[in-house]
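The values are calculated or read from the model by the stated rules, or taken from the named source; none is laboratory data. Note that the coordinates shown come from a computational prediction; the quantities given were computed from them, not determined experimentally. Positions of Cβ are backbone-derived with ideal geometry, glycine not excepted, and every protein chain shown enters the neighbour counts.
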Ligand SMILES: *Cc1c(COP(=O)(O)O)cnc(C)c1O
């Protein structure tokens, strides 16, 4: 399928806008600003609208189909969130407004801070970090400052299980620490003996993804926390996947000292297109003074019952400082606030119950067709192996590409690294049984095709506008202009 380029649509004299007659003296543009090599197409407004609408339809999105991309929680984002974020009092609020003129926005942020703290059992929350990985960095910097503040400067290591998300070791390096990797045991949990051997007074803390990237809840989590605390380290929980724990587990009550949330996953704000994210951090008592700030606080209590308190910015006593300048991702806070209010107490619990049920339903229905390496009750996602005995030509990537032909977004591929040919599947709670059944049927059909006609998989996708890309170059050398796709971008075979 070849898409017409907008350059080919142009014809001399077509106009997209009608300008009024000039009623000021004309001034020629400076010659150095005019570039002859820019040959813009001349097109009508309708052509432009159709061109970009057609292009947007080539994209896959959660609004178009099932998107079981493990660890990314591609749940449906209710449109009501968008309406609320676009209310002009929020959307048009000027970043330099003073706090007296920002009481509505501050009240919303204050409530959101408190709800996030309540949901996860923490004492304090800062909304400042702009993404999950940014929250991780804030968390590890807090751990660092906590130790240094006590004069304990020999701690240089952070322990990370090999089932952790890839951003965890990256964060540790960014924060100036060294990562010590811990193996998983045969159940997919952290190997407790290895943990005990690694714990000493040079360990600043441990960073652990819960549920881990196998979609498994660490069954010995209390022992893990106790072991690290006993050697003086703090516990960081990667809470990007709180979709698995809402209303069921409060990490703060388990003993975690700090955690980040991914509002753009768990609390249904759009993500995946490079737009704004939001990765607040929650902390236990020890780290409250170190929170990145300012955060929203009550600066003057309400005087009477019908009165509201006065909100303002407060800076935690030993703050690690700002993680960014403005709260430019405030719209994400409005969306998450809306989402929590719409669901309420019971609804929040149901999110997790349904997310976990959906993921287990798919696993149980596929385990006779695909090898599921850790075949025990999983949380919001699970991992299967994307290959078949005796069929060497078919890999996880081929199964993923074939799913595109059937109208589904592929699962996460080749992650976690500890499972060969990993396919990580996260259905989320917003999908109904009919969609899950359809996906299960297609996965079984693809397994049958792999045996009968493997070329259908290795040559897939057959229906997409472009077939296989050199994925590394496609991500690193984005082609964002309306030029023909360069030859290097398309390869026919999987590598
Ligand atoms: C998505 C994710 C992250 C990173 O979040 P970003 O907002 O993409 O920076 C970290 N950890 C886990 C477990 C995740 O799923």
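Structural remarks
- Only residues that are buried (at least 17 other Cβ atoms within 10 Å of the Cβ) and assigned to a loop (DSSP other than H, G, I, E, B) were counted across region 301-321, and they come to 3.
- Annotation: residue 174 fulfils all but one of (1) surrounded by fewer than 21 Cβ atoms within 10 Å (Cβ to Cβ); (2) farther than 30 Å from residue 67 by Cβ; the unmet one is (2).
- Restricting region 322-376 to residues that are assigned to a loop (DSSP other than H, G, I, E, B) and in the same structural domain as residue 129 (by TED's automatic domain parsing), the residue that is farthest from residue 81 (Cα to Cα) is 322.
- Qualifying strands (runs of 3 or more DSSP E) (wholly inside region 197-273; at least 3 residues being more than 15 Å from the ligand (Cβ to nearest atom) and in contact with a strand residue (DSSP E or B) (Cβ under 9 Å, 6 or more places away or on another chain)): 203-209
- One residue from 134, 147 being in a helix (DSSP H, G or I), within 14 Å of the ligand (Cβ to nearest atom) and touching a strand residue (DSSP E or B) at 6+ places or on another chain (Cβ under 9 Å): 134
- Taken as a whole, the condition of being over 20 Å from residue 348 (Cβ atoms) and part of a strand (DSSP E or B) applies to residue 158.
- Within region 276-293, the set of residues being more than 16 Å from the ligand (Cβ to nearest atom) and within 24 Å of the chain's Cα centre (by Cα) comprises 283, 284, 291, 293.
- Qualifying residue in region 51-63 (condition: at pLDDT below 95, in contact with a helix residue (DSSP H, G or I) (Cβ under 7 Å, 6 or more places away or on another chain), in a loop (DSSP other than H, G, I, E, B) and at negative phi): no
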